[in-house]
1. Just for region B:80-92: of the residues that are touching a strand residue (DSSP E or B) at 6+ places or on another chain (Cβ under 7 Å) and surrounded by fewer than 19 Cβ atoms within 10 Å (Cβ to Cβ), which one is farthest from B:E181 (Cα to Cα)?
2. Of all the residues that make up region A:135-192, how many are at positive phi and assigned to a loop (DSSP other than H, G, I, E, B)?
3. Could you please let me know if B:V69 is touching a strand residue (DSSP E or B) at 6+ places or on another chain (Cβ under 8 Å), of a type in the set (V, I, T) and within 14 Å of another protein chain (Cβ to nearest Cβ)?
4. In this structure, does A:T85 turn out to be away from chain B (no Cβ under 14 Å) and among the polar types (S, T, N, Q)?
5. Hey, any hits in region A:73-83 for a residue that's under 23 Å from A:G174 (Cα atoms) and either in a helix (DSSP H, G or I) or of a type in the set (G, A, S) (or both)?
6. Yes or no: region B:58-66 includes at least one residue that is touching a residue at least 12 places away in the same chain (Cβ under 8 Å), more than 14 Å from chain A (Cβ to nearest Cβ) and in a loop (DSSP other than H, G, I, E, B).
7. Can you name every residue in region B:138-182 that is under 14 Å from B:E123 (Cβ atoms), facing chain A (nearest Cβ under 9 Å) and either in contact with a helix residue (DSSP H, G or I) (Cβ under 6 Å, 6 or more places away or on another chain) or surrounded by 22 or more Cβ atoms within 10 Å (Cβ to Cβ) (or both)?
8. Mind listing whichever residues of region B:108-135 are more than 13 Å from A:I14 (Cα to Cα) and facing another protein chain (nearest Cβ under 7 Å)?
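The values are calculated or read from the model by the stated rules, or taken from the named source; none is laboratory data. For clarity, every value in this text was computed on a predicted model and none was experimentally measured. Because the Cβ atoms are built from the backbone with ideal geometry, glycine has one as well, and the counts that use them run over all protein chains shown.
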2 protein chains.
Amino acid sequence: MTTYSSLPVPPMSIRFDPAGGTLQPEGPTLTRRMSDLEGLFRDHAAWEQAVADGDPVVYSVVSSRVPEVERELPQSITTIQPGSTAGELWMTKGHQHPNHQGEIYLGISGHGGLLMFNGTETEWVDMTPGTIGYMPPGWAHRSINVGDEPYSFLAVYPGGAGHDYGWVLEHGMGRRVLAGETGVEFVDYSAD
Amino acid sequence: MTTYSSLPVPPMSIRFDPAGGTLQPEGPTLTRRMSDLEGLFRDHAAWEQAVADGDPVVYSVVSSRVPEVERELPQSITTIQPGSTAGELWMTKGHQHPNHQGEIYLGISGHGGLLMFNGTETEWVDMTPGTIGYMPPGWAHRSINVGDEPYSFLAVYPGGAGHDYGWVLEHGMGRRVLAGETGVEFVDYSAD
């Protein structure tokens, strides 16, 4: 007999509002402030200062009620605020799926980027509304707001894939993404 | 060492055009004519007549290049033409995932419905642009065009879930969906 770590969900209708960045009915919401991003920015002192200066919300993730369990296919909308810390553009923590499975992001508003790293190579997908960024199994991924307004995307991912945030702290993401004079600039993690 | 039935795909950017109903770069496209839908309409003689009368395209499915293999997360856009055969609204064949896994459909144009059946219960999700229909693992699903123009939706599904079309021929979908005087009407398969 099949056992479930949480109850399976019934068929459901979920209202996706790209303009509002919402999914209804709403499931869990997660808010990441600057203090949640320890160890991720190159300039640790600038990060500490940003935490001291009001600890701003960097991004939030609203989810539908489809749970993160094996065989389900949950969805969420992430909204990253515009900003930079010592020139490094605001970003998500980034993660690897311990159970390697593919994932998609669909850009819905603003201008962002999807940075992927498989431990050796890095890839970058420029994300605007209507772009689907495909993350194959085995590629860690991080999202970055490269514009002047909030950047939002819809994520669809297998519920049993999991999230390993420690992988990024240990291995990095190959490149850092900076606000350059004429656009986005990339620097190697090895330059830290 | 991992072996692949087809080569894994690299990270990629896929352009999703809801207005055109396209994914670029494009992968395989599948076209279902009336003659491909044998055994699905209640009125067999009317189905035969429709095949004889030009065998119209009932629906098409365009896919991205993400392959239908274990651990990948492919996407496709299905467009169902408006129409009915002996009152039964045009529909997809419907299928069950032999490897039970969840799937989502996102309505992008026109007006449709998502019929789900788990062998005992049926569920219906009215699909308009911005509706996400969630199909939990174990629920067979069929899409129906209930409007006067083409109905299109984006599907996202685990590549290893598979498609069992025979399940629907054997078990039905619980209900049939007809064009009624004042909207959609449902009748039990048991009334056949």
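1. B:Q81
2. 4
3. No; evaluated as a whole, the condition is false for this residue.
4. Spelling it out, A:T85 is indeed away from chain B (no Cβ under 14 Å) and among the polar types (S, T, N, Q).
5. Taking every residue of region A:73-83 in turn, at least one turns out to be under 23 Å from A:G174 (Cα atoms) and either in a helix (DSSP H, G or I) or of a type in the set (G, A, S) (or both).
6. Step one: filter region B:58-66 for residues touching a residue at least 12 places away in the same chain (Cβ under 8 Å), giving B:58-66.
Going one step further and asking which of them are more than 14 Å from chain A (Cβ to nearest Cβ), we end up with B:58-61.
Those still in the list that are in a loop (DSSP other than H, G, I, E, B) too: none.
No, region B:58-66 has no match at all.
7. B:W139, B:H141
8. Of everything in region B:108-135, those that are more than 13 Å from A:I14 (Cα to Cα) and facing another protein chain (nearest Cβ under 7 Å) turn out to be B:M116, B:E123.
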